[in-house]
Amino acid sequence: MAACWRRSGWASSIKPGRKSDVAAPLLEMLGIRKRFGATHALREVSLTARAGEVLALIGENGAGKSTLMKILSGVYQPDGGAIQLAGRPYAPQGPAAARRAGVAMIYQELNLAPDLSIEDNILLGQERSRFGLVKRSEQRTIARAALAQLGHAALSLDLLVGRLSVGLQQVVEIARALVQQARVVVFDEPTSSLARHDVEHLFEVIRKLKGAGLAVIYISHFLEEIRAIGDRYTVLRDGESVGSGNVASATEAQIVSLMVGRQIAELFPQVAHQPGAPILTAEQLSGAPIPEHVSFSLRRGEILGIAGLVGAGRTELLRTLFGLNATRHGGVLVEQLRPRPTPRARIRAGLGFVSEDRKGEGLAQIRSIEDNATLSRLAPYSRAGWLNLRRRRQAVRGWLARLQVKARGPEQPIHELSGGNQQKIALARVLHQEAQVLLLDEPTRGIDVGTKAEIYRLIGQLAADGKAIIFVSSYLPELLAVCDRIGVMARGRLRAIRPAGEWSEETIMALAVSDDEAAA
Amino acid sequence: MIHLGSPSQRATARVGQLLSALGPLLALACVVLFFTAADAFYGGNTFGTVHNLRTIAVSTSGVAVAALGATVVIIAGGIDLSVGTALALCATVLAVGLRAGWCPWLAIAACIGTGCLAGCLNGILISVLDVGPFIVTLGTMSIYYGLSKLVADETTVRPLPAQVPQWLPDLLQIEPEPGWLLVSRGVWLAVLLAIALVCVLRYTVFGRHVFALGSNEATARLCGIRVSWTKIAVYTLAGFFAGIAGLYNFGRLTQGDPTSGRGVELIVIAAVVIGGASLNGGRGSVLGTLAGALIIRAITSGCTQLGLPNSYQDIVLGAIIIAAVVVDQLRQRRLE
């Protein structure tokens with residue numbers, strides 16, 4: 001633990017060895033170490049979670065948060081260090097043992113059976129039965145009580161979980177943790193797939209867990225969320241805990257500098273760029289089933305942001321522009337030409353698309369960096385279908401250097417890279433194909449702060465080079481800082497496009513949640 | 001600013017790659033050594049003889065050629081259950097052509113062309129109907145069986161010896177003539193085809209597209225690859241290899257037998273899987289497939305030499321298939 005406090009003089013509001021007055025620590029992890037082969041995933045990590053408190057666990061990708069939580073939930077065994085749960089040594093031999101001891105994990109991807117009812121899901125694996133027969137009424141009472149405790153007493157127990165929104169599915173998963181009599185609940189980036197108002201509901205639920213005397217560990221990239229829900233924080237960097245303290249008494253700059261280990265000059269670096277000639281025009285573009293009748297025009301050297309709730313049609317707009325989704329109506333003009341609505345034709349016309357789903361769609365995870373970076377344009381290295389692999393490798397080396405990708409070399413498989421470096425490869429691909437219009441869908445999602453700043457700078461640089469960029473994001477601060485104009489989508493329609501300076505987070509949200517078109 | 005990793009890390013990665021590439025070959029060496037030793041102690045000491053090794057190579061070659069096509073299909077993320085009955089159809093067409101007195105080259109062209117057509121039909125059905133390849137080729141497996149019975153008029157087709165060009169059965173001579181060939185022409189043909197396929201997979205745009213398609217179809221689509229055309233090309237190529245495998249089939253039997261291809265698809269797929277390919281697509285190697293095919297034949301031959309009953313061969317083969325899949329799973333898990 002000493003290492004932890006030594007590095008965080010400014011932030012340690014709780015001294016080691018002295019029990020806090022608020023509550024005794026429910027969970028203490030001390031000097032946890034873990035190695036995978038030659039790499040130290042965790043060098044020396046300590047953290048304390050108290051009953052009735054939310055501990056925010058902060059750190060860039062690769063800082064060791066997931067490894068630490070996998071040790072807590074019994075997936076990995078630590079190489080050194082000790083864990084105490086409610087004053088007793090705790091060393092789970094597997095996930096089941098951890099659950100029995102009262103540690104519950106809520107992951108980004110939920111662990112629910114979509115074809116079972118809410119009741120069945122809540123009691124999955126802990127069914128109440130006699131002689132093998134399920135005791136229905138007892139089960140229903142338990143499930144209803146758990147839901148009521150989370151403020152969702154009205155939810156029908158018989159609904160199939162697959163039909164619920166992601167937000168409600170999360171509630172079911174939390175209710176299951178309650179029924180398992182969890183004492184520590186870990187949320188691993190729970191808001192990444194939630195719409196804005198679901199985030200508020202989730203925070204309500206977390207406050208209820210707090211009120212019920214549970215310890216909550218909350219992992220997130222978003223400092224705003226930590227500010228909203230966290231009581232205390234612990235920052236991990238490179239497998240060490242580098243600081244802890246009260247959220248209320250820390251500034252964002254302090255936390256960010258702890259995360260990245262240096263001062264970040266600017267979170268949103270600006271590169272001067274001038275909009276030029278129009279390059280892309282959407283005319284009453286409608287996809288199947290959304291977007292509906294979207295018209296706008298984009299100029300070279302311009303960054304157009306698209307805001308909106310999840311499901312508002314932002315992703316669908318990009319996919320329809322790129323020819324991945326069918327066009328129902330309307331058309332797309334790229335430099336006076338009308339390319340056919342297929343990805344191949346749109347790529348030839350100068351469009352490039354970076355998917356929001358790096359793992360499932362954006363990159364072929366088991367293929368090498370060079371394969372992924374050049375897949376959309378192999379022509380420069382091929383003659384009559386035969387490739388010059390050496391020339392290709394050289395070109396990819398150039399891109400790795402230009403984008404400052406941390407990798408062993410062009411032959412390294414994608415899945416070995418961190419999220420930020422994977423995203424750089426996805427960007428390298430559209431740059432390599434010399435796209436003139438870049439369609440970027442959540443390009444900074446799941447990426448650490450330092451790399452985000454690099455990507456903003458790159459986007460600005462590309463605009464300065466005369467490329468046109470459409471930047472879809474749920475993270476309004478980056479849209480407001482990076483874009484020239486911002487369009488807001490709601491229910492499949494583009495409600496308004498205005499210069500970024502005329503928007504604020506509040507006006508964007510007001511329009512994004514509005515139902516009727518008059519609001520535009 | 002590029003972080004290249006320490007030399008030792010790079011070396012470790014390279015050794016890992018090498019091991020996974022050579023794994024099937026090592027397994028083959030183990031199988032051969034095991035049977036040579038076991039046979040020396042308990043059997044007639046015939047397993048390790050040049051004659052027996054030549055026999056194994058010759059009897060593997062036909063399956064190996066069909067498995068080359070299946071390798072491409074499986075790397076592209078597909079599966080082809082129809083390869084067995086398709087190659088029997090090709091052999092039957094060849095036999096019918098020869099018996100009808102066609103010029104041998106025309107009959108051979110018809111044989112290979114039938115294979116290409118059968119593969120092409122698989123590809124078209126899979127990409128146009130957008131149905132899983134397992135179901136489509138399960139259907140065409142039956143269709144091609146029915147077609148070959150139709151062509152053969154519900155019997156086996158045996159051309160007169162004079163109608164069969166001598167080099168066709170000679171393709172599978174165990175003791176080659178001239179002796180400096182070491183193994184029969186059929187084995188060399190299979191090796192040449194394998195080398196050609198390695199080059200196509202490694203050094204062509206089409207090869208890159210096949211790997212991309214198998215590792216992530218969504219990515220392939222997003223990169224502007226014409227997914228449907230690539231699939232049709234992949235299955236047609238597999239059909240081409242099935243057509244050549246039909247030549248071997250005919251060369252071995254000197255007759256066209258519609259039933260001779262039944263069950264072959266399982267041996268073909270087993271060879272590819274033992275060779276280290278992943279049924280999830282995106283991974284597989286030609287060298288591995290050849291080793292896989294040889295392993296299967298070496299086990300069959302070894303068990304026979306040891307005087308073990310047929311039943312043991314099947315059990316050992318099954319265990320090896322499962323072991324190969326487990327190895328693949330372990331690799332996948334490491335990936336996550």
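None of the figures in this text is laboratory data; all of them are computed from the coordinates on show. Note that the coordinates shown come from a computational prediction; the quantities given were computed from them, not determined experimentally. Note: ideal-geometry Cβ built from the backbone for every residue, glycine included; neighbour counts use all protein chains shown.
How large, in Å, is the protein assembly as shown by the Kirkwood hydrodynamic radius built from its alpha-carbon pairs?
This gives a value of 30.8 Å.
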Practice prompt. Could you bin all the Cα-Cα distances of chain B into 20 Å bins starting at 0 and give me the percent of pairs in each, rounded to whole numbers?
Written response: 30, 56, 13, 1
Discussion item. Report, to one decimal in Å, the Kirkwood hydrodynamic radius for the stretch B:133-187 based on all distinct Cα pairs.
Written reply: 14.4
Worksheet item: Can you give the translational diffusion coefficient of the stretch A:14-173 in µm²/s, computed by Stokes-Einstein from the Kirkwood radius over Cα pairs at 4 °C and 1.567 mPa s?
Response: 71
Worksheet item: Given N residues in the stretch B:86-144, what is Rg(Cα) / (2.2 N^0.38 Å)?
Response: 1.29
Discussion item. Restricting the calculation to Cα positions, tell me the Rg (one decimal) and the Dmax (whole number) of the stretch B:172-230 in Å.
Written reply: 18.0, 54
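If exposed means no more than 15 neighbouring beta carbons inside 10 Å and the site is in a DSSP loop, what's the longest run of chain A without any exposed GluC sites (Glu not before Pro)?
It runs A:128-265.
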Worksheet entry | Mean shadow area of the stretch B:247-336, taken as a quarter of the surface of its Cα convex hull (nm²) | 7.3
Practice prompt. Using only C-alpha positions, report the orientation-averaged shadow area of the convex hull of the stretch B:186-336, nm², one decimal.
Written response: 10.9
Discussion item. What are the extents of the Cα atoms of the stretch B:127-231 along their three principal axes, in Å, largest first?
Written reply: 55, 41, 18
Fill in: Neighbourhood net charge (10 Å Cβ-Cβ; Lys/Arg +1, Asp/Glu -1) for A:Ala312
+3
Worksheet entry | Quotient of C-alpha Rg and 2.2 N^0.38 Å, computed over the stretch A:338-426 | 1.13
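Which helices, counted as full DSSP H runs in chain A, have an axial Cα extent of no less than 15 Å and a Kyte-Doolittle average of -0.5 or above? Don't skip to the end; give the middle numbers.
Working: long enough: A:136-149 (20 Å, -0.71); A:166-179 (20 Å, 1.22); A:196-211 (23 Å, -0.68); A:389-402 (20 Å, -1.17); A:419-432 (19 Å, -0.21); A:449-464 (23 Å, 0.50).
Qualifying helices: A:166-179, A:419-432, A:449-464.
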Discussion item. Just to be sure I follow: if Rg is taken over the C-alpha atoms of the stretch A:61-108 and Rh is the Kirkwood radius over the same atoms, what is Rg/Rh?
Written reply: 0.96
Response to the item:
Diffusion coefficient in µm²/s returned for the stretch A:88-180 by Stokes-Einstein, Kirkwood Rh over C-alpha pairs, 10 °C and 1.306 mPa s, is 115
Fill in: Kirkwood Rh and Cα Rg combined as Rg over Rh, evaluated for the stretch A:436-486
0.92
Discussion item. If you build the convex hull over the alpha carbons only and average its shadow over all orientations, what do you get for the stretch B:56-208? Give it in nm² to one decimal.
Written reply: 10.6
Worksheet entry | Helical segments meeting 20 Å axial Cα length and Kyte-Doolittle 0.0 threshold in chain B (DSSP H) | B:7-42, B:50-75, B:83-99, B:104-129, B:133-151, B:185-203, B:227-253, B:286-305, B:310-335
Worksheet item: Tally Lys/Arg at +1 and Asp/Glu at -1 over every other residue whose Cβ is under 11 Å from the Cβ of A:Asp484; what's the total?
Response: +2
